[in-house]
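The next block holds one structure in the form of structure tokens; read it before the comments.
The values are calculated or read from the model by the stated rules, or taken from the named source; none is laboratory data. Keep in mind that what you see is a predicted model, and the values were worked out from it rather than measured. Glycine gets a Cβ as well: all are built from the backbone with ideal geometry, and neighbour counts include every protein chain shown. These area figures cover heavy atoms from the full protein model, side chains too; ligands, DNA and RNA do not enter into them. Shrake-Rupley method; radii C 1.70, N 1.55, O 1.52, S 1.80 Å.
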Amino acid sequence: MLREIRVKNLALLEDVRVPFSEGFNVITGETGAGKSILIESLRIALGEKVPPTLIPKEETSSVEIVCEVGEGEELLQFLEDAGIDGSDFIILRRVVFPTGRSRSFINDVSVTGRTISEVTSSLVSVLGQHSLQQLFERRSATRLLDEYAGNGEILKEYRSLYRRWREAVKEIEDLKEQLPGLEARREEVERAVKELESAAVYPGEEEEIEKELPLLKNAAKIREALTRARALLSEEEVNILSLLEEVLRELESAGKVDPEAGALAERVREHLIGLSDLSHEILTRTGQIPLDDSRLVELTDRLSLIRRLSRKYGVFPDELQAKLEELRRERERLSGLSERLEFLKERERGLREEVYEAASRLRERREEALPAFEREVAGQLEDLELKSALFRVRLTSLEGGPGPWGAERADFLFAPVESVEPGPLAAIASGGELSRVMLAIHTAVAGKGSFETLIFDEVDAGIGGKVAEKVGEKLKTLSERAQVLCITHLPQIAALADHHVRVEKVASGEGITTRVRVLREKERVEEIARMVSGEKVTPEAVRLAETLLGGGKR
């Protein structure tokens, strides 16, 4: 339910706050006072295009509407999914800049145009049909029929299936589009796996090669040095071991009479034994130094391979094994693309069948509701003094199969008299007839559907007298089942309101502005008297206004 609208700096509305109540709300005022701008402000807040004439020239404009959500669980869930805090009330705000650009907010969270459209679509049960033009939109006609038929749950089921089906179709299209590139990638990964498997590089291998290569490159020099060292130690005619043996003999001789010399002899003997062992170790190590040119070539090539693969795959040599495992996993995933595509195709076929079945059930429900809907609207039109008018609903199958709202669209057809073939409502009905047809349709739907607020913009256009009374009575009855907001020029209608708002021009220091006031009882008498007689209010007009207001209270 619409609780309030706030407008700043939009045309003549400098700073306006208008509260609304349950039941029947009317907006009255002289021609040109700004009533239509108030409704246009509502449309702007709901995301519709800002008319060029309302784009501010200097200061930024803003429109804000406060809505009571009530039982709108689906809307609250949508807000939660969009990351917006929801509650029993939501605030839609639209800021319009002098450049013509605008920004939309929901509960002070900036949202895209698409999001605001989604939310305002969900708000139809709150704000209802707020424009005559919406009667001419095909989806709107279909929605009204669905509301009358009570198709809310089946439509919800259908739309869920349709969304899942289209997602499956898109996933297939995306995969097909990617397949050529993915197949090339699979082949590339396969080659990489084979290359790394063939190389079989293990962690630490580079370090091992780096240790061994210097020995292989300098083997001849090392063996020559070791051989010369052993010769000096034990093989030359005069060598270290033979000299130490002579030193040992001299010390042993001295040690026969000098204990200290004997101790020195023991120390020399220990060194002699150690050097003798060292000579054998040098010989052993000399034999261990390989003179193997083929091994040198092998390790040099191996190190080159490891480093090339490291550069190629962008990892350290010790990480090549982990890279191989990563590529194996990618190969497995890519190898399953064909199977994935077949799975998706099978899933899409199943969802498509479900969508067509749900669309068929939805059409059956619509076709079943059509006769009663047409009779109901015809009855309402008769009450509104359109006794000879014909109202029909035509269902037309959509080209290309089911869409987001089913496999067909509804169009409203109208003829002012039975002798004329019904045609499109927008092309056939006059302004006054359009207003009454709109009221008739909404009255029929309000008893069946979920609208909580219905906003009628100049529903009294082109009517008066008895017809105006009928329209007023119909609006009053309708307000017992839904919040009704109506702009009117007719006192018969205004007198029936539960909540009366007047829009008026006032002079200010800088020119003319528009003021909006909620009228008290006495002010309502004055306003309705003005509507009866014009600017010069006569006593007779006042008495008539009091009579009308008295009738409205009954």
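A compact table of results
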| quantity | calculated |
| --- | --- |
| Residue list for segment 391-417, filter: assigned to a loop (DSSP other than H, G, I, E, B) and surrounded by 13 or more Cβ atoms within 10 Å (Cβ to Cβ) | 398, 402, 405, 407, 416 |
| Set 420, 459: member being buried (at least 20 other Cβ atoms within 10 Å of the Cβ) and either among the β-branched types (Val, Ile, Thr) or modelled with pLDDT of 75 or more (or both) | 459 |
| Only one of 299, 344 that is among the aliphatic types (A, V, I, L, M) and within 20 Å of residue 165 (Cα to Cα) | 344 |
| Sole residue being in contact with a strand residue (DSSP E or B) (Cβ under 8 Å, 6 or more places away or on another chain), within 30 Å of residue 342 (Cα to Cα), assigned to a helix (DSSP H, G or I) and not hydroxyl-bearing (Ser, Thr, Tyr), chosen from 179, 175, 155, 161 | 155 |
| Failed criterion for residue 388 (all others in (1) assigned to a helix (DSSP H, G or I); (2) of a type in the set (Gly, Ala, Ser); (3) modelled with pLDDT under 90 hold) | (1) |
| Cβ-Cβ under 6 Å pairs, at least 6 apart or on other chains, segment 89-113 side basic (Lys, Arg), far side at pLDDT 85 or above and assigned to a strand (DSSP E or B) | 93/64; 93/105; 94/63; 94/102; 94/104; 103/95 |
| Subset of segment 154-196 that is modelled with pLDDT of 90 or more and of a type in the set (Asp, Glu) - its residue that is farthest from residue 322 (Cα to Cα) | 157 |
| Matching residues, segment 423-439, being touching a strand residue (DSSP E or B) at 6+ places or on another chain (Cβ under 8 Å) and surrounded by 24 or more Cβ atoms within 10 Å (Cβ to Cβ) | 437, 439 |
| Selection from segment 530-545 of residues that are more than 12 Å from residue 28 (Cα to Cα) and surrounded by 13 or more Cβ atoms within 10 Å (Cβ to Cβ) | 532, 533, 537, 541, 542, 543, 544, 545 |
| Close pairs from segment 466-477: first closer than 14 Å to residue 548 by Cα, partner open to solvent by 10 Å² or more (accessible area, probe 1.4 Å) and aliphatic (A, V, I, L, M), Cβ under 6 Å, at least 6 apart | 468/490; 472/496; 476/496 |
| Candidates 273, 289, 282, filtered to the one that is without any contact (Cβ under 8 Å) to a residue 12 or more places away in the chain and over 60 Å from the mean Cα position of the chain (by Cα) | 273 |
| Identity of the residue in segment 333-349, part of a helix (DSSP H, G or I) and open to solvent by less than 30 Å² (accessible area, probe 1.4 Å), that ends up nearest to residue 184 (Cα to Cα) | 334 |
| Output for segment 509-533, where each listed residue is hydroxyl-bearing (Ser, Thr, Tyr) and in contact (Cβ under 8 Å) with a residue 60 or more places away in the chain | 513, 514 |
| Cβ-Cβ under 6 Å pairs, at least 6 apart or on other chains, segment 8-21 side under 13 Å from residue 42 (Cα atoms), far side open to solvent by 50 Å² or more (accessible area, probe 1.4 Å) and at pLDDT below 90 | 8/15 |
| Residue ID - nearest to residue 243 (Cα to Cα), chosen from residues in segment 273-326 that are open to solvent by less than 80 Å² (accessible area, probe 1.4 Å), out of contact with any Lys or Arg (no Cβ under 9 Å at 6 or more places or on another chain) and in a loop (DSSP other than H, G, I, E, B) | 290 |
| Selection count, segment 343-394, where residues are hydroxyl-bearing (Ser, Thr, Tyr) and within 27 Å of residue 414 (Cα to Cα) | 2 |
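A quick yes/no check of all residues on (1) among the aliphatic types (A, V, I, L, M); (2) open to solvent by 10 Å² or more (accessible area, probe 1.4 Å); (3) modelled with pLDDT under 85:
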site	(1), (2), (3)
7	yes, no, no
16	yes, no, no
19	no, yes, no
36	no, yes, yes
56	no, yes, yes
